[in-house]
Amino acid sequence: MKKILALASALFLTSFGVYAQQRAPLVTKQDATKPSSRLNPGQQRAQDLSYQMTRDLRLNGYQKSRVQAINEDKQARIIAIIQQNAGNDKLIKDQCDVVCRERDKELQTVLSTDQYSNYYGSRREYNAFSMNYNMQTTNDAFVKSVKDPAPASSKGATIGPATATKAK
């Protein structure tokens, strides 16, 4: 009788132990609305510019976060200008210069006098980096095409020189 009671209680406790353990779902559904952790090219460009400015100007943590926010805002506007006015280089340059002047004013409130004078001396390079968005994306596409070339058709392919050369 004691053995049966012990066996029943062991079975009873084991069933509760098994029930208490939760199983993870085998397949987790991916939510298509979740944003990707990767940055879009404009955000990446703003982050690269902010990183360069942080190194060049020796920014502290507060300044770094403020400069990052300013650069993301201005870079998004520059990209929108470039995409809106594609082909009209003069209009793009004029509107981007206005955005860069706005960035100068905002940075003047964040940076110290010494940092701003260093920035002001190098701002032509920073502005050129911001406005060369199209060149960077073209370069990225070229690098991708070299790393992962598209398969070529073998029709009409020749191995060796295309034209025959006469030996003397």
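Tabulated values for the structure
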item	result
Net length gained if the chain between residue 47 and residue 102 were fully extended (0.36 nm per residue, minus Cα distance)	18.0 nm
Potential extension, residue 13-residue 129 segment - 0.36 nm per residue separation minus Cα distance	34.9 nm
Percent of C-alpha pairs per 5 Å bin, segment 41-141, short to long	2, 13, 25, 26, 17, 10, 5, 1
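Only the coordinates and a few stated rules stand behind these numbers; no lab work does. Bear in mind the structure is a predicted one, so any value in this text is a computation, not a measurement.
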